[in-house]
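Read through the structure below, which is laid out as structure tokens, and then see the notes.
Values quoted throughout were computed directly from the atomic coordinates according to the rules given, and no laboratory measurement underlies them. This structure is a prediction, so every number in the text was calculated from the model and none was measured. Ideal geometry is used to build each Cβ from the backbone, glycine not excepted, and the neighbour counts take in all protein chains shown.
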């Protein structure tokens, strides 16, 4: 009598169960890797947004200049403006005829931190908003002047036309509280 070679039904079922377990584990590992990739990509984008925010604020505050009118502070807050200032350092690669100073306003609008600039210090309308950060809340600005921190800066001519530093505190969703201390680099 001849016997047939092959697998029994029990062996085939065991092989299928092992294959199903390996396939399920592989799918779970792949799903976790894809989720991790998206999380890293989102965190990287948020970090880049924070770095742009810091760089723009640092450049604006660091290049603040005083104006010829000693009663007007070159840096201020109020009227919906988180921070308004007059700055220099405006690149002019085309060599257009325009002033070297620029008016900059930072505002929080519906959870977005926006930066707007005007080509002229006075009289010119602000340009389009540049969204610098999203999901921003609880924004507070204070001024450090002569080692005293106050929520409003009042110039004291001729000695103190601008604060020594600006402190910006805010909360960013998915990041938490953020605090920046920026030195004012005005022409003393």
Segment residue 58-residue 91, length gained on full extension (0.36 nm per residue, minus Cα span): 10.3 nm
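Any idea what the alpha-carbon Rg over 2.2 N^0.38 Å comes to for the stretch 1-144?
Relative to the rule-of-thumb radius for its length, the stretch 1-144 sits at 2.09.
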Measure nothing fancy, just the Cα-based angle from helix 9-62's long axis to the longest principal axis of the chain, in degrees from 0 to 90, nearest 10. 10 degrees
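Can you tell me the relative contact order of the chain? Whole percent, Cα pairs under 8 Å, sequence separation 6 or more.
Value for the chain: 18 percent.
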Calculated log₁₀ intensity ratio I(q)/I(0) where the Debye formula runs over C-alpha points of the stretch 88-188, q = 0.15 Å⁻¹: -0.81
Quick check: residue separation of residue 173 and residue 137 times 0.36 nm, minus the Cα distance between them. What number comes out in nm? 12.2 nm
Between residue 154 and residue 122, what is the FRET efficiency for a Förster distance of 35 Å, r being their Cβ-Cβ separation, to the nearest 0.05? 0.95
